[in-house]
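The block underneath contains the structure these notes are about, expressed in structure tokens.
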């Protein structure tokens, strides 16, 4: 399908009319969390976020940007490795390498002799890097949610199959549903509904969110990333609120099935096992992370690494931003001194980070 | 000689042979043939002068190479400044070991692009640096020409015209680098824009070619430079299907991608139709379109973009580097 159809002004206008009618009938201020950073981007880039706020519906960004929720201790461990040990090739995604620390971000560090930092675009690139660097230890700083984990897991298995001895992984692999439970259980965010992530749900389906409707009676919908998708998701949540129901709807049926993608999940399960996970802003959340089954491939084991929190920026409000407790503008650093040119925290670095999105598109208003 | 050697740089017999067999064979003309230290030129009236350096990787990409780019880049800087390009200089910085066959290809491209644009290479220089001290081949070109128009005088109500689709160069180079394992036919739009010179006689007030930083950055410079409000509509910006698709996949904004053969043109509203008709008659201007206007809001020095979905937002110049999203 042509994505332009899902972006056009007249489709947006038609859906907004329905949103208006529902908001009038519900007749109270609403808070809906969009879990995924790409939804935050859609809402703000299109100007719909500001328009909906004026109408009494506030969209709150959730913990759905992998760069943003990776704890400083993991970035610190990677930094320590590449600055202290010779002949390391540290590879990661561009945004991850630009996460600021009180020292420098990873791309600007001075690596130890023979060590380097490399930007990659796709997990399996590390296999070629490892094959091409026999004298080096290649370490992949692999972060991601269920969207990215299958391809990371495949890379891990491929490394095993081909007997690559010089490749290992520093992982921050996290699962999307557990922090949503943490947010609801803490009772501090007062949410009326959820927009569930599109890409993650292609893999896990809609079933893993059912507990939210069942146990917390909070409505929600899975949807895609075009303005029309976002509005369809919001409409489905509003209809549930109006009818006093709580379900997990799929407003993204062109990509998501309730059962997700079992083949991708098999790859994940074969390479990784569920463990407690550390999150920026949340601390440890039970059964929220994955670790490699093959402990020999875990760089923490191979190089006796430890979480290194000496890289933590205490003033940064990213932890509260990813929990939906504050909006980016409420962080004392937002805009001054923290900007995309001089970011102080990961949410101002990542293209999915809500601080960067608010900074760039904060004034955008839908007027079509 | 198969590969460029360091001894070429000593300026002796080898260099003379290099100049005769390679440079003059490809680029020879009455002005260059004497191999004098400087060129004597005939130019009437006010003279325009510019320079640019080219360091692209890969040196060869679909739709062009560093040689074509080096001619087009400098010719285009002149054309958009109201200058009819006449003469170019060509300086080569070669890495020891660079294949002579590749250099021949680059020089052929220089010759073709110069002939296309109606300019002569009249002076030049060659230096060789040790292996590892340069990345194959760097080129600097300078260009001079005759001033035919004095750009300026942008005012409220003027329209903003784009001479064709944007982002083709960026995407072609990305595909050629095999950074993303995309396969397909995608050509750079790299070309000299001498064909736009008649626009200066058609009422055009301001022109800029779109290179690094993309359309968005040029529009910001226009707004800031003229201290005027600029309004553009995303839906009117022409994009080729591959640029649209690859931008979607990688999460890149095509408004920030580079072109090497497109320009933004500003003209009075009543001239717009004639200009677009003229542009559409050119090979590089088939998708030319009016994309916005001066005015439309109160924020002087700033660009407001109306997105395809109907949102109004401020358009910022490119900051940092373009990074694809990771999920």
* Point-to-point label distance, residue A:269-residue A:336, nm (Cα→Cβ direction, 7 Å offset) -> 5.4 nm
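To check you understand DSSP bridge types, tell me what percent of the beta bridges within the range B:6-147 (both residues inside) are antiparallel, rounded to 5.
Working: 21 of 30 bridges.
Close to 70 percent.
Where both residues lie in the protein assembly as shown, what percent of DSSP beta bridges are antiparallel, nearest 5? Show your work: numbers first, answer last.
Values: 52 of 98 bridges.
So the antiparallel bridges amount to about 55 percent of the total.
Please list the equivalent ellipsoid semi-axes of the range B:6-147, computed as the square roots of five times the alpha-carbon gyration tensor eigenvalues, in descending order and whole angstrom.
After scaling each eigenvalue by five and taking roots: 25, 18, 13 Å.
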* Structure fact -> From the Cα centre of the range B:249-307 to that of the range B:15-78, the distance in Å is 30 Å
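On full extension of the chain, what length is gained from residue A:210 through residue A:54, given 0.36 nm per residue of separation minus the C-alpha to C-alpha distance?
Numbers: separation 156, 0.36 × 156 = 56.16 nm, distance 3.05 nm.
Between residue A:210 and residue A:54, full extension yields 53.1 nm more.
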* Structure fact -> With Cα springs under 10 Å, the Gaussian network model of chain A assigns the largest mean-square fluctuation among A:61, A:354, A:270 to A:270
* Asked: Which residue, A:319, A:114, A:289, has the most motion in a Gaussian network model of chain A that connects Cα atoms within less than 10 Å?
  -> A:114
* Stokes-Einstein D in µm²/s, Kirkwood radius over Cα pairs - the range A:272-368 at 25 °C with 0.890 mPa s viscosity -> 157 µm²/s
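Can you tell me what percent of all Cα-Cα pairs in the protein assembly as shown are more than 40 Å apart? Intermediate results must be reported in sequence, preceding the final value.
Numbers: 97269 of 241165 pairs.
I get 40 percent for the Cα pairs in the protein assembly as shown exceeding 40 Å.
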* Over the whole of B:298-311, what's the average partner chain Cβ count within 10 Å per residue? Rounded to a whole number, please. => 6
* Asked: Tell me, A:65, B:190 in order of fewest to most beta-carbon neighbours within 10 Å?
  -> B:190, A:65
* Can you tell me the equivalent ellipsoid semi-axes for the range A:85-129? Use √(5λ) from the Cα gyration tensor, largest first, whole Å. => 18, 15, 5
* Inverse of mean 1/r across different Cα pairs in chain A, Kirkwood, Å -> 21.2 Å
* To do: Pull up the DSSP beta bridges for chain B and report the antiparallel fraction as a percent, rounded to 5.
  => 75 percent
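What average number of partner chain Cβ atoms lie no more than 10 Å from the Cβ of the residues making up A:358-367?
Partner Cβ neighbours, averaged per residue: 4.
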* How large is Rg over Rh for the range B:161-223, taking Rg from the Cα atoms and Rh as the Kirkwood inverse mean of 1/r across Cα pairs? -> 1.06
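What relative contact order, as a whole-number percentage, does chain B give when Cα pairs under 8 Å and 6 or more residues apart are counted?
Values: 721 pairs, mean separation 70.4, N = 327.
Once normalised by length, the contact order is 22 percent.
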* Calculate, for residue B:13 and residue B:133, the FRET efficiency according to 1/(1 + (r/R0)^6) with r their C-beta to C-beta distance and R0 30 Å; round to the nearest 0.05. => 0.80
* Using alpha-carbon coordinates, inclination of helix A:262-271 to the longest axis of chain A, degrees -> 30 degrees
* Under a plain spin-label model, where a point goes 7 Å from the Cα along Cα-to-Cβ, how far apart in nm are residue B:3 and residue B:42? -> 4.6 nm
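Mean shadow of the range B:241-317, computed from the convex hull of its alpha carbons, in nm²? Before the final figure, lay out each step's value.
Numbers: hull surface 26.6 nm².
Seen from a random direction, the Cα hull of the range B:241-317 projects 6.7 nm² on average.
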* Asked: Under the definition of Cα pairs under 8 Å and six or more residues apart, what whole-number percent is the relative contact order of the range B:159-315?
  -> 42 percent
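Compute the FRET efficiency between residue A:307 and residue A:245 as 1/(1 + (r/R0)^6), taking r as their Cβ-Cβ distance and R0 = 45 Å, and round to the nearest 0.05.
Approximately 0.60, to the nearest 0.05.
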* **Proxy reagent accessibility, fewest Cβ within 10 Å first, across B:40, A:358, B:194** => B:40, B:194, A:358
* Structure fact -> On the formula 1/(1 + (r/R0)^6), with r taken between the Cβ atoms of residue A:329 and residue B:108 and R0 of 45 Å, the FRET efficiency rounded to 0.05 is 0.20
* Asked: When you look at the Cβ of every residue in A:6-12, what mean number of other chain Cβ atoms sits within 10 Å?
  -> 4
* Structure fact -> Under the 7 Å Cα-to-Cβ spin-label approximation, residue B:298 and residue B:101 lie apart by a distance in nanometres of 6.6 nm
* Sticking to Cα atoms, compute the Rg of chain B to one decimal and its Dmax as the biggest Cα-Cα distance, whole number, in Å. => 20.9, 67
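Over the range B:159-315, consider all pairs of different Cα atoms and compute the Kirkwood hydrodynamic radius from their mean reciprocal separation; express it in Å, one decimal.
Result for the range B:159-315 stands at 15.8 Å.
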* Asked: How far, in degrees from 0 to 90, does helix B:100-117 lean away from the longest principal axis of the Cα atoms of chain B, to the nearest 10?
  -> 50 degrees
* To do: Working from Cα positions, state the angle (0 to 90°, nearest 10) between the long axis of helix A:149-161 and the longest principal axis of chain A.
  => 20 degrees
* Rank these for me by crowding, B:250, A:48, going from fewest to most other beta carbons within 10 Å. => B:250, A:48
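Here, each number is a calculation from the coordinates, and none is a lab measurement. Keep in mind it's a predicted model, so treat the numbers as computed, not measured. Here Cβ is always computed from backbone atoms with ideal geometry, including for glycine, and neighbour counts include all displayed protein chains.
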